[in-house]
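Visitor: Below is a structure I'd like to ask you about.
The values are calculated or read from the model by the stated rules, or taken from the named source; none is laboratory data. Note that this is a predicted model, so its numbers are computed, not measured. Don't worry about glycine lacking a Cβ; one is built from the backbone with ideal geometry, like all the others, and counts go over all protein chains shown. For accessibility, only protein heavy atoms count, side chains too; no ligands or nucleic acids. Shrake-Rupley method; radii C 1.70, N 1.55, O 1.52, S 1.80 Å.
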Amino acid sequence: MAEQATAVPALPINLGMLSNLNARQKLGMMAALALAIALLVGAWLWTKEPPYGVLFSNLSDQDGGQIVTTLQQQNVPYKYSEGGGAILVPVSMVHDVRLRLASQGLPKGGMVGFEVMENQKLGISQFAEQINYQRGLEGELARTIQTLGAVRAARVHLAIPKQTAFLRDELKPSASVLVSLQPGRALEASQIAGIVHLVSSSVPQLNPASVSVIDQDGNLVSQQRDPLKNAGLDPTQLKYVKEIEAQYQKRVEAILEPLVGKSNFRAQVTTDIDFSNIDQVAETYKPNPIPQTAIRSQQAADSGNGNPPAVGVPGALTNQPPVPATAPITNPQVGDGAAGGNPNSSYTRSTTINYELDKTVRHTRGTPGVVKRISVAVAVNHKKGVVKDGVAGKPVPPTAEELKRINDLVREAVGFSQERGDSINVATASFVAAEPEIIAELPVWKDPALIAFAKEATQYLVFALIAWLIWAKLLKPVFEMLAAAAQRAAAAEKAAAQYAGETAAGHAHPGPSFDDRLKQARETAHKEPKLVAELIKEWMGAGGT
């Protein structure tokens, strides 16, 4: 009977076991269960944590503090990047949070704008109002400049003198702009001119020459001269040259592509453009031709003694004005002894005629952008050889007639002019086939899909490992303790019932002797040492309580 009493079968775990535990055991079991549940929930949330994206980066301390406070008020989860240079939020909330922060004017860029005018105090002085207006204007200009892609941060300082009624004491405003550029970026000349024009247009009576732009290295970039202008060139002129050359090249390509194929020729056009603006006035004089001689003035003088001799044809025509002479300038001499005159008298007549000069005045004004010379170079590929028995033959160069036809077509396409000095060169060569770009295959361990799958699988494996450790190191010992306690309780109840039955039977069934009980206890300790140890602990605990 003793052996039957000690061989207690394993009992199933149920809630009735809790009644067999003392207060300390119950408290330890509840703590273990709570810890296990917390670890499982934390591991599950860790495996299901959403990916984070950048909300804002490179913020000032003031803007960063305001944004973090707003995120805390809106219960938005956030964290910082490793270097602390960015604020991260879940990817699904990035755009929503940005819009909500923008409605509150965040980030402000570490500066104030015209919102400083919204909180004006009653009774503020005119000087303070002017200072607030200047601060707001500087902030708004800096915000506008920061919208440029190459500018990371900007500061604007305005020096606006106080207005005066005396012209001799009037001072002009000036401005300074400090720009911090993105790494590896630089401001172009047009962007610098745009910044200067923006600032000068925002402040009354501000001359663009009084605006200074400085980069983060302290270099004055607003007065840097364009190397093209120093070389006597203009970017607009270079752009015009490129457009003219592109137009001529398109003409050549359009006429040759149907003949030889798009990939069988290459054409380049170079033009010499005259951008000089010539304004010329020329005045030339030429001698008058004899048949068309024009008289400008004529003078006649008579001198001598006695009466002048009769000149001309008698009659009515003598009283008419003389006809302009058609002969060269002459000085006719009327000598002594003229017909019908006194032989003792001398008489002289001189005539001076001034002829008009052939004068030409030419006013010439040249138009800039005239093409002075065109140079065209065309390379034509060899034709494919004849295919025989499935094998392609050797490439064949174009014939002289084909090259001449191409040359003539190109001449007509570009408007060839021998007087202008144009040149066209058509050459033939075998084009080298472009080698196909070999893209290295991506190793398996670098495949993005595989990497994502590995990360997700690793999370689940870690979660499974944590769950197994919680079961093996925490929950399983607790359940074993409950099972052992239940077995002890069941054995004690069975032993008590057996003892009560033997007592009720009286002397009919005498109990075992002391030696038999000692022998049974030794056998039980030898077979079930753990059960004996638990009983001793239980006795000691009961005695202590």
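Visitor: Separation between the His197 and Glu412 pseudo-spin-labels, each 7 Å from Cα along Cα→Cβ, expressed in nm?
Guide: My value for the distance between the label points is 4.6 nm.
Visitor: Continuing with this model, one more query. With the crude spin-label approximation of a point 7 Å out along Cα→Cβ, what separation in nm comes out for Ser57 versus Thr69?
Guide: 2.7 nm
Visitor: Let me ask you something else. On full extension of the chain, what length is gained from Ser180 through Gln130, given 0.36 nm per residue of separation minus the C-alpha to C-alpha distance?
Guide: 15.2 nm
Visitor: May I pose another question? For the residue pair Leu450 and His157, what label-to-label distance in nm results when each label sits 7 Å from Cα along the Cα-to-beta-carbon direction?
Guide: It works out to 5.9 nm between the two label points.
Visitor: Leaving out ligands, DNA and RNA, what percent of the accessible area of the range 46-99 is carbon and sulfur, probe 1.4 Å?
Guide: For the range 46-99, the apolar C and S fraction of the accessible surface comes to 51 percent.
Visitor: Ala301 to Lys359: FRET efficiency via 1/(1 + (r/R0)^6), r the Cβ-Cβ distance, R0 25 Å, to the nearest 0.05?
Guide: About 0.30, to the nearest 0.05.
Visitor: As a test question: what accessible area, to the nearest 10 Å², does Ile424 have when a 1.4 Å probe is rolled over all protein chains in place?
Guide: We get 40 Å² for Ile424.
Visitor: Report the extension gain between Glu401 and Ile278 in nm, rounded to one decimal, defined as 0.36 nm multiplied by the number of residues separating them, less their alpha carbon distance.
Guide: 39.9 nm
Visitor: Moving to a separate point now. Say R0 is 30 Å: what FRET efficiency, to the nearest 0.05, do Gln237 and Ile214 get from their beta-carbon distance?
Guide: 0.50
Visitor: Give Lys384/Lys404; Lys250/Lys404; Lys242/Lys404; Lys473/Lys494; Lys121/Lys172 a once-over and call out the pairs whose C-alpha atoms are over 22 Å from each other.
Guide: Lys242/Lys404; Lys473/Lys494; Lys121/Lys172
Visitor: With every protein chain kept in place and ligands, DNA and RNA left out, what is the accessible area per residue of the range 414-472? Probe 1.4 Å, answer in Å².
Guide: Averaged over the residues of the range 414-472, the accessible area is 82 Å².
Visitor: At a Förster radius of 51 Å, what calculated FRET efficiency corresponds to the Cβ-Cβ distance of Gln459 and Ile536, to the nearest 0.05?
Guide: The formula returns an efficiency of 0.65 here.
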